[in-house]
Amino acid sequence: MTAPNIRVLPTADAMIAEAADRIIQAASESVDLFDRFSLFLSGGSTPKPLYELLASEDFSDVIPWNKVEVFFADERCVPPDHPDSNFRMIAETLLTKVPLSRDNIYRMKGEIDPNAAAREYGVMLKEKFSETGPDFMLLGMGSDGHTASLFPHSEALGEKKHRCVAQFVENSTTGKSWRITLTAPFINSARDVLVLVAGEEKAKPLQQVLEGPPDPDRLPLQLIQPENGRMAYLIDVAAAGMNEAD
Ligand code: 6PG
C-alpha cells in the first residue's frame, strides 16, 4: 500500500481533461499487458463531463473500445431508464456514443430484487476477476464522505467476503433508497483507483478523508486503499479548499 498521488487542478474542466488522459494511459497499458481493459464507472454529477469528453470526436478513437469491458461501481435500485439510474446516465453520455459492444457492458440490475442483483453481479465478478483484479476504478466522493454506495455507518462498510452487496440507505443522495455497491475489498483489488472530487462543498470532508484521523465508519472513502494498486486523487481548487489565485 503506497500513499495516494494527489493532484490539484485549477478548474473542474482541467480535472476532467487530466482524468481522460489517465484513463487513456491506463487503457493502453492494460491492452499491452492483457489485451483488454476493465473499466469500472461511477455515477453522480462529477464524472458526467468526463464521459462526454471520452465520447467526443477527439477522444472516441483514442481508446481501443473493442478491448474495453465496462462495469459499474454502484447502482441505484431503479429501472435502467429511470432518471436516477447510473446506467442510464453513463449509457446516454458515453456507452451509446462509442464503438463498444453491448456484450462488454456489465450493468447492475437496479430493476430486480437488490440482493439478487448484487449476488448476480458478485458471481460475475468472481468469474471474471479470479486471476487478475480489475484494471481501473473511477470513483467520486459525496459531501458525507461516501464513495460508490458505501455510505457512512452503513452495513456494507464491514463487508469482507462479498465483492458486491445491496443495502438500504436512509440518507443517500437520492433519499431513502436501496443501492447496489462494490465492496471496499473488491475495489481495493484494482490496479488503478482514481477519485475525482470537485466543488467547494467537498473541501471539508475531503480534508478529513485525506488528513484526518482514520474514521472510515464516518468517512467511507478512507476504506479505499488499493492493496497492490495505485491510487490517485484529482481535485479541483475549490475541493482543495484553495482559490484559483492561491
Ligand atoms: C452514485 C455515485 C456516488 C458518487 C458520489 C459523488 O451513484 O451516487 O456513484 O458514489 O460518486 O455521490 O457524486 P457527485 O459527483 O454527484 O457529487
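The values are calculated or read from the model by the stated rules, or taken from the named source; none is laboratory data. Note that this is a predicted model, so its numbers are computed, not measured. Cβ sites come from the backbone with ideal geometry, for glycine too, and all protein chains shown count toward neighbours. Protein only, heavy atoms only, side chains kept; ligands, DNA and RNA dropped before computing areas. Shrake-Rupley method; radii C 1.70, N 1.55, O 1.52, S 1.80 Å.
List pairs: first in the stretch 69-97 and basic (Lys, Arg), second open to solvent by less than 10 Å² (accessible area, probe 1.4 Å) and not in a helix (DSSP H, G or I), Cβ under 9 Å, 6+ apart or cross-chain?
Here the result reads Arg76/Ser85; Arg76/Gly110; Arg76/Ser149; Arg76/Arg179; Arg76/Ile180, each pair linking the stretch 69-97 to a residue that is open to solvent by less than 10 Å² (accessible area, probe 1.4 Å) and not in a helix (DSSP H, G or I).
Within the stretch 174-198, how many residues are hydroxyl-bearing (Ser, Thr, Tyr) and either surrounded by 22 or more Cβ atoms within 10 Å (Cβ to Cβ) or free of Cβ contacts under 8 Å to residues at least 40 places away in the same chain (or both)?
Number satisfying all stated conditions: 2.
When both residues are 6+ apart or on different chains and their Cβ atoms are under 6 Å apart, which pairs have a first residue that lies in the stretch 199-217 and is charged (D, E, K, R), and a second that is open to solvent by 60 Å² or more (accessible area, probe 1.4 Å)?
Glu201/Ser143; Lys202/Ser143; Asp217/His153
Go over the candidates Val78, Val70 one by one and state the one that is open to solvent by less than 70 Å² (accessible area, probe 1.4 Å) and under 15 Å from the mean Cα position of the chain (by Cα).
After ruling out the rest, the residue left standing is Val70.
Out of curiosity, is Glu159 open to solvent by 30 Å² or more (accessible area, probe 1.4 Å), without any contact (Cβ under 8 Å) to a residue 24 or more places away in the chain and in contact with a strand residue (DSSP E or B) (Cβ under 8 Å, 6 or more places away or on another chain)?
no
Any residue that is touching a Phe, Trp or Tyr at 6+ places or on another chain (Cβ under 9 Å), open to solvent by 50 Å² or more (accessible area, probe 1.4 Å) and within 15 Å of the ligand (Cβ to nearest atom) - is there at least one of those in the stretch 214-231?
Scanning the stretch 214-231, I find no residue that is touching a Phe, Trp or Tyr at 6+ places or on another chain (Cβ under 9 Å), open to solvent by 50 Å² or more (accessible area, probe 1.4 Å) and within 15 Å of the ligand (Cβ to nearest atom), so the answer is no.
Of all residues in the stretch 14-49 being within 14 Å of the ligand (Cβ to nearest atom) and open to solvent by 40 Å² or more (accessible area, probe 1.4 Å), which is farthest from Asp74 (Cα to Cα)?
Pro49
Being over 12 Å from the mean Cα position of the chain (by Cα), at pLDDT 95 or above, more than 30 Å from Gly175 (Cα to Cα) and of a type in the set (Gly, Ala, Ser): is that true of Ser60 here?
No, not satisfied.
Residues of the stretch 166-210 being among the aliphatic types (A, V, I, L, M), within 13 Å of the ligand (Cβ to nearest atom) and assigned to a loop (DSSP other than H, G, I, E, B), which ones?
Scanning the stretch 166-210 gives a single hit, Ala198.
Which members of the stretch 55-86 meet the condition of being hydrophobic (A, V, I, L, M, F, W, C) and within 16 Å of the ligand (Cβ to nearest atom)?
Val70, Phe71, Phe72, Ala73, Cys77, Val78
If Lys126 meets every condition in (1) surrounded by fewer than 16 Cβ atoms within 10 Å (Cβ to Cβ); (2) part of a loop (DSSP other than H, G, I, E, B); (3) modelled with pLDDT of 95 or more; (4) not small (Gly, Ala, Ser) apart from one, which number is that one?
Lys126 satisfies every listed condition except (2).
Go through (1) open to solvent by 10 Å² or more (accessible area, probe 1.4 Å); (2) away from the ligand (no atom under 15 Å from the Cβ); (3) within 30 Å of Leu33 (Cα to Cα) for His153 and report which single condition fails.
Unmet condition: (3).
Any idea how many residues of the stretch 97-117 are open to solvent by 10 Å² or more (accessible area, probe 1.4 Å) and either on the phi > 0 side of the Ramachandran plot or not aliphatic (A, V, I, L, M) (or both)?
Residues flagged as open to solvent by 10 Å² or more (accessible area, probe 1.4 Å) and either on the phi > 0 side of the Ramachandran plot or not aliphatic (A, V, I, L, M) (or both) within the stretch 97-117 amount to 13.
Determine if the stretch 87-96 includes at least one residue that is in a helix (DSSP H, G or I), among the basic types (Lys, Arg) and either open to solvent by less than 60 Å² (accessible area, probe 1.4 Å) or within 16 Å of the ligand (Cβ to nearest atom) (or both).
yes
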